Amino acid sequence: MSLTWTEILGFATGALCVWLVASQHIANWPIGIANNVFFIVLFTQAKLYADAGLQVVFIALACYGWWTWARGGGPGRVLPVRRTSRVEWIWLLVSGAAGVAVLTVLLARMTDSNVPFWDALTTCLSLAATYGQCRKRLESWWLWIAADLVYIPLYAYKELYLTAILYVGFLTLCVLGLRGWRRDMALAASAPAGALK
């Protein structure tokens, strides 16, 4: 595939969105929705159907995340960064494994995808990471890192080279986001009660 304006705009909005998430800026949500729209078009053209469908789910999750970040900390409070609970991990692992299995079969049987497993895997990792991002779970960054490590060669294989480069940038921003959220969580834990309003 040759470079298109859709891929360029996806690159720009995606880079800005991840930087805003790492900075815990609420504007990441509307910028992310714009990014999702560009990627719906791009991934459909590249026959990455699960990734294209995932963008629709991302738009719904972005609306939820936007609301959660604005209201989830309670009146006058910012939603704090927290760790993923054991129950959340169990739910994410079971639903993720089931999702990968079902999506792989559907993509292999019902589409002309030549990478059904990898498309399914990245889709389910991204959904789990987005859930964590919506709830400001620290470990969401680890899930994004795992997804990006698969996305980079997948997009290169699909000749989406600019998008592959974007995901190298995402990977770097994920590491920075992980460090920043970990620092903020440690500061919140050491602050006196009521000091973080």
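Each label point is 7 Å from the Cα along the Cα-to-Cβ direction; what then is the distance between the points at A60 and I8, in nm?
3.4
How much of the accessible area of the chain, in percent, comes from carbon and sulfur atoms when a 1.4 Å probe is used?
Summing carbon and sulfur atoms, their accessible area is 71 percent of the total for the chain.
If the label point is 7 Å along Cα→Cβ of L176, which residues in the stretch 20-51 have backbone nitrogen under 11 Å from it?
Residues passing the 11 Å test: 20-23.
Counting only the backbone N, which residues of the stretch 32-49 are under 11 Å from the spot 7 Å out from the Cα of R71 toward its beta-carbon?
Backbone N within reach: none found.
Give the shape of the stretch 1-119 as rounded, prolate or oblate, defined through the alpha-carbon gyration tensor: a ≥ b ≥ c are the square roots of its eigenvalues, a/c under 1.5 means rounded, and otherwise the shape is prolate if a/b is larger than b/c and oblate if not.
Cα axes put the stretch 1-119 in the oblate bin.
At a Förster distance of 25 Å, what's the computed FRET efficiency of R183 paired with E88, Cβ-Cβ distance as r, to 0.05?
For R0 = 25 Å, the calculated efficiency reads 0.70.
Rounded to the nearest 500, what is the chain's calculated 222 nm mean residue ellipticity when only DSSP H runs of at least 4 contribute -39500 (n - 2.57) each, over all residues?
It comes out at -26500 deg cm²/dmol, rounded to the nearest 500.
State in Å² the accessible area per residue of the stretch 94-167; use a 1.4 Å probe, count heavy atoms of protein chains only, and round to the nearest integer.
43
The values are calculated or read from the model by the stated rules, or taken from the named source; none is laboratory data. Note that the structure is a prediction, hence the values are computed from the model and not measured. Methodologically, a virtual Cβ is constructed for each residue, glycine included, from the backbone with ideal geometry; neighbour enumeration extends over all protein chains shown. Quick note on the areas: whole protein, heavy atoms, side chains included, nothing else; ligands and nucleic acids left out. Shrake-Rupley method; radii C 1.70, N 1.55, O 1.52, S 1.80 Å.
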